[in-house]
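To start, the structure itself, in structure tokens.
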Amino acid sequence: MTLYEDNKLYIRNTLTRKKELFSALNPPNVGLYVCGPTVYGDPHLGHARPAVTFDLLYRYLRFLGYKVRYVRNITDVGHLESDADEGEDKILKKARLEQLEPMEVVQHYTNRYHKAMEMLNVLPPSIEPRASGHIIEQQVMAETILNNGYAYEVNGSLYFDVLKYHKEHNYGKLSGRILEDLISNARQLDTQDEKRNSVDFALWKKAGPAHIMRWPSKWGEGFPGWHLECSAMSRKYLGEKFDIHGGGTDLLFPHHECEIAQSVAATGREAVRYWMHNNMVTINGQKMGKSLGNFITLEDLFTGKHELLEKAYSPMTIRFFMLQAHYGGTLDFSNQALAAAERGLARLMAAAEVLDKLKPGEGGGFDAGAFEKDAFDAMNDDLGSPVLIAHLFESARFINSAYTGGGSLPQTELEKLRSVFRMFVFDVLGLAAEKKETGNLTSKLVDLLLNIRMEVKKKKDYELSDRIRNELASFGITVKDRKDGFDWEIS
Ligand code: ZN
């Protein structure tokens with residue numbers, strides 16, 4: 001018996017709105033697809049939450065003995081400013097503003113995303129396909145949908161016929177939207193509009209003369225609609241039917257609703273067996289948005305350089321903070337909550353450290369077998385990381401008191417406690433010990449040195465001032481002098 005046969009994992013399926021017993025289509029293999037970022041800006045909290053949520057799922061499935069093929073895409077073309085297929089392509093807009101090639105924008109922000117995910121100890125996916133690398137697959141799928149009668153062509157663009165689809169199927173079944181409401185709430189189509197109905201969505205869009213991201217097709221030069229990439233790439237790497245599709249609740253509509261429609265229209269059946277959605281992040285109770293001034297990037301959090309932040313919070317603090325809440329609930333960021341997470345994480349890590357030093361004894365007071373069962377039960381109940389963490393805190397209390405002479409465990413019990421504690425803290429939750437305050441301490445020391453250098457310069461001791469700068473450079477720290485101070489960065 002492997003762990004996954006022993007354990008009954010229940011996950012809440014967004015489609016049925018019920019917790020369902022997870023059974024893999026083809027055990028021990030599991031196909032997992034998660035919508036990744038559209039790479040046109042710095043990674044922020046809205047990127048971290050789905051990444052950490054599905055990292056927890058990925059880690060737990062692997063921990064149970066499944067072989068998981070985890071596909072998380074990079075959207076690098078086709079995601080327009082408005083979900084209604086209008087506005088500029090987000091990547092193209094950024095490229096125009098920064099006077100860069102679109103693929104330079106994509107590479108830059110993909111690198112930044114990867115770096116941030118690594119800092120959060122998010123495991124890389126098995127495959128990370130890009131939309132622009134799968135144009136042919138998307139064209140083939142669009143053509144199949146067209147041939148099956150669920151799309152129409154207008155002036156070089158292809159649109160999905162939602163009304164036609166809805167006659168036989170249920171458009172809105174995932175998000176709970178009612179098609180009639182969508183139609184009556186939508187703005188009236190103007191005469192220039194190519195769509196038959198405002199709810200229709202683009203499978204392929206004709207590229208205007210200024211649109212540089214363009215590919216030849218049967219329908220003329222153009223680019224794929226945003227929703228098509230995930231249908232085409234999940235099908236390519238996971239097959240026509242696969243186990244789990246994840247993403248944030250912001251993607252439920254229209255993105256995932258359209259994915260279902262596309263798969264059914266192309267293959268006659270739904271591709272996904274379990275849909276899972278992580279909830280959103282709020283900041284001090286408010287939705288995060290650039291216009292609200294509360295848009296916090298992960299780098300802001302790691303460095304503390306944002307006016308809403310009282311200090312820097314380490315990547316592990318951010319990860320632990322996210323895991324302390326269930327993925328299905330909204331998560332509110334505040335300095336107070338982050339500081340509490342920081343203290344909680346420190347308590348767990350301190351327990352992990354002294355756990356190695358505990359000596360077996362005659363005493364009792366802790367049931368390691370029950371602890372193991374509680375830990376599995378928590379995770380099996382729709383990835384109940386907050387409940388798991390509560391059990392870990394209980395065990396940490398015992399570990400600390402045993403360390404100071406307040407209890408002991410016989411050898412076998414102690415070994416069980418050690419292995420269960422470590423497996424769940426490090427393997428399942430993906431927490432890692434951070435060198436305490438090192439980042440902060442380094443910053444403080446460099447700032448101290450450079451402040452001294454400024455004073456030295458005022459006294460015109462250029463020899464010493466240059467020596468400080470050059471020696472810092474030899475450690476990879478670049479100093480840039482400004483009129484009133486200095487900037488520095490570690491390369
Ligand atoms: Zn997607």
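The values are calculated or read from the model by the stated rules, or taken from the named source; none is laboratory data. None of the values given here were measured: they were computed from a predicted structure. Positions of Cβ are backbone-derived with ideal geometry, glycine not excepted, and every protein chain shown enters the neighbour counts. All accessible areas refer to the heavy atoms of the entire protein, side chains included, with ligands and DNA or RNA removed. Shrake-Rupley method; radii C 1.70, N 1.55, O 1.52, S 1.80 Å.
How high is the relative contact order of the stretch 10-278, in percent, counting Cα pairs under 8 Å that sit 6 or more residues apart? Present the calculation step by step, with values, prior to reporting the outcome.
Values: 436 pairs, mean separation 63.8, N = 269.
With pairs under 8 Å counted, the relative contact order is 24 percent.
Where the accessible area of the stretch 64-171 is counted over protein heavy atoms with a 1.4 Å probe, how much of it, in %, is carbon and sulfur?
Numbers: 2330 of 4880 Å².
After summing per-atom areas, the C and S share lands at 48 percent.
How big is the dipole moment of the stretch 302-428 about its Cα centre under a simple scheme where the beta carbon of each Lys and Arg is +1, that of each Asp and Glu is -1, and everything else is neutral? Debye, nearest 20, please. Roughly 440 debye, rounded to the nearest 20.
Mind checking the dipole of the chain: about its Cα centre, +1 per Lys or Arg Cβ, -1 per Asp or Glu Cβ, Debye to the nearest 20?
Working: 61 positive and 67 negative charges, 114 e Å.
Here the chain has a charge dipole of around 540 debye.
Length, then width, then depth: along the principal axes, the Cα atoms of the chain run 76, 71, 35 Å.
Taking the centroid of alpha carbons for each part, the stretch 240-298 and the stretch 29-71 are 13 Å apart. Per residue, the convex hull around the alpha carbon atoms of the stretch 10-278 comes to 125 Å³. Within a straight-line Cα-Cα reach of under 16 Å, LYS164 can be paired with the following lysines, leaving aside sequence neighbours fewer than 8 residues apart in one chain: LYS173, LYS195. In the full protein context, the stretch 355-491 carries 59 Å² of accessible surface per residue, based on a 1.4 Å probe and ignoring ligands, DNA and RNA. Per-residue 3J(HN,Hα) values for the stretch 57-66, derived from phi via the Karplus relation 6.51 cos²θ - 1.76 cosθ + 1.60 with θ = phi - 60°, read 4, 4, 5, 5, 4, 5, 4, 6, x, 6 Hz in sequence order (x marks Gly and Pro). The label point for ARG196 and the one for GLU118, both projected 7 Å from the Cα toward the Cβ, are 5.0 nm apart.
Cα-Cα over 26 Å: which of LYS115/LYS305; LYS457/LYS480; LYS19/LYS416? Can you show the working numbers first?
Working: LYS115/LYS305 18 Å; LYS457/LYS480 14 Å; LYS19/LYS416 30 Å.
Long pairs (Cα-Cα over 26 Å): LYS19/LYS416.
Find, among the chymotrypsin sites (Phe, Trp or Tyr not before Pro) in the stretch 411-480, those assigned to loop by DSSP (not H, G, I, E, B) with at most 12 other beta-carbon atoms within 10 angstrom. Present the calculation step by step, with values, prior to reporting the outcome.
Numbers: sites: PHE421, PHE424, PHE426, TYR462, PHE475; in loops: PHE475.
Those satisfying the criteria are PHE475.
The shape of the stretch 255-410 comes out oblate: with a ≥ b ≥ c from the C-alpha gyration tensor, a/c is at least 1.5 while a/b does not beat b/c.
Under the Kirkwood approximation for Rh and a Cα-based Rg, what ratio Rg/Rh is obtained for the stretch 440-490? If you can, show how the numbers build up before the last one.
Numbers: Rg = 10.3 Å, Rh = 11.0 Å.
We get a ratio of 0.94 for the stretch 440-490.
Amide H contacts of ARG130: ILE74, each under 5 Å away and 5 or more positions distant or on a separate chain (H built 1.01 Å from N in the peptide plane; Pro and chain starts excluded). Working from label points 7 Å from Cα in the Cα-to-Cβ sense, the PHE486 to HIS169 distance is 6.2 nm.
Only protein heavy atoms count here; under a 1.4 Å probe, ARG214 has an accessible surface of about 80 Å². Cα centroid separation, the stretch 343-403 to the stretch 177-232: 53 Å.
Around the amide H of ASP332, modelled in the peptide plane, lie the amide H atoms of THR282, all under 5 Å away and 5 or more residues distant in sequence or on another chain. For the chain, the longest principal axis of the alpha carbon atoms and the long axis of helix 335-355 meet at an angle near 60°.
The lysines whose alpha-carbon is closer than 21 Å to the alpha-carbon of LYS67, local same-chain residues fewer than 8 away aside, are LYS8, LYS236, LYS241. Would you mind classifying the stretch 62-217 by shape? Square roots of the alpha carbon gyration tensor eigenvalues, ordered a ≥ b ≥ c; an a/c under 1.5 is rounded, otherwise it is prolate if a/b is larger than b/c and oblate if not. Verdict is oblate for the stretch 62-217. Remark: spin-label model distance GLN336-ASN470 equals 5.4 nm, labels positioned 7 Å along the Cα→Cβ axis.
Overall, the accessible surface of the stretch 1-48 at a probe of 1.4 angstrom is composed of carbon and sulfur to the extent of 52 percent.
In a DSSP loop and with at most 12 other Cβ atoms within 10 Å, the trypsin sites (Lys or Arg not before Pro) in the stretch 275-382 are LYS305, LYS311, LYS357. When the Cα positions of PRO129, LEU163, LEU92 are compared along the charge dipole of the stretch 56-176, PRO129 comes out farthest toward the positive end, with charges on each C-beta of Lys, Arg, Asp and Glu.
Leaving out ligands, DNA and RNA, and with a 1.4 Å probe, what % of the accessible surface on the stretch 374-463 is carbon or sulfur? Numbers along the way, then the final one.
Numbers: 2730 of 4840 Å².
That share works out to 56 percent.
The H on the amide N of GLY361, modeled in the peptide plane, is under 5 Å from the matching H of LEU409, GLN411, each at least 5 residues off or on a different chain.
Farthest toward the positive end of the dipole of the chain, out of ASN7, LEU392, SER184, is the Cα of LEU392, where the dipole comes from beta carbon charges about the Cα centre. Straightening the chain between ALA84 and GLU394 buys 106.6 nm, computed as 0.36 nm per residue apart minus the Cα-Cα spacing. Dividing the mean sequence gap of close Cα pairs (under 8 Å, 6+ apart) by how many residues the chain holds gives a relative contact order of 15 percent.
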